[in-house]
Amino acid sequence: MWGTTPAIRVDGRVLHVAAPDRTAAELAPLLLWDDLIVDNPLPYLFASLPRAEDRIWLAGRILDRRQPVTVAVLHRITDALVHDHTRWRRWEARFLWTSAYGMWHEVDGDLQARGVNIAAMPLAQATNAIYGVLRGWYQQRDRKDYEQFQRDLKRKPPRVVRAEIEDATDDDFADDAEAAAVLTRRVRDRDTAGDSVVEYR
């Protein structure tokens, strides 16, 4: 079941989280929100904190001048929440919605012709519908176009690539094949961890 993470722990405090009870039309812009922080994680993160006291505490920690919660931590939390709520990586969902908004009349028109109103759907299902439309269009084109679409969809943002490299130790790089396997295992293990409360520092 999606949205199964009930709580996260940030600097020792447990914060209750839940998939936002809003439509795709309300949530998709939160994935695309750019502000002073490029690819801002805060709008979706705060929408996923149903308790006001948790939102107030986290805002205080972000604004703490002595030891603030870092942007990297906020990105990791939001990445995990979007994946938990939609089963899409946050950057994949962002790519799909950016693509859809870039040709909204075509995407929405195609789906409306089938009786599908993605604006009123939950975010996960709406994102799946957009992927289905775009994939169908690209599959009808040249194979290179479809392969490029898939590469663009899966391309990790630099912050994620940097974090994966930093997570690896020098000993992990005995050779390139072993390093790739280690990184893949670490990402998979982190994604499939069964803990109900995940700690972020």
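The values are calculated or read from the model by the stated rules, or taken from the named source; none is laboratory data. Note that the structure is predicted; figures quoted are calculated from it, not measured. Cβ sites come from the backbone with ideal geometry, for glycine too, and all protein chains shown count toward neighbours. Side chains included, ligands, DNA and RNA excluded: accessible areas come from the protein's heavy atoms. Shrake-Rupley method; radii C 1.70, N 1.55, O 1.52, S 1.80 Å.
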Let me check something: with ligands and nucleic acids excluded, how do TYR101, TYR138, TYR44 order by accessible area (1.4 Å probe), largest to smallest?
TYR101, TYR138, TYR44
Could you tell me which residue out of PRO122, LEU27, HIS85 lies farthest along the dipole of the range 1-144 toward its positive end? Charges go on the beta carbon: Lys and Arg +1, Asp and Glu -1, centred on the Cα centre.
HIS85
With label points built 7 Å along Cα→Cβ from the Cα atoms of TYR146 and ASP34, find their separation and express it in nm.
3.1
Convex hull of Cα atoms in the range 80-133, direction-averaged projection (nm²)
3.3
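Given a Förster distance of 30 angstrom, what is the FRET efficiency for ARG22 paired with GLU106, based on the Cβ-Cβ distance and rounded to 0.05?
Numbers: r = 25 Å, r/R0 = 0.82.
About 0.75, to the nearest 0.05.
Using a probe of 1.4 angstrom, how much of the accessible area of the range 25-68 is carbon and sulfur, in percent? Provide the component values of the computation, followed by the final result.
Working: 1540 of 2600 Å².
Percent of accessible area from carbon and sulfur atoms in the range 25-68: 59.
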Give the calculated FRET efficiency between ALA7 and ASP167 to the nearest 0.05, with a Förster radius of 30 Å applied to their Cβ-Cβ distance.
0.80
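Heavy-atom accessible area per residue, the range 1-136, 1.4 Å probe: how many Å²?
49
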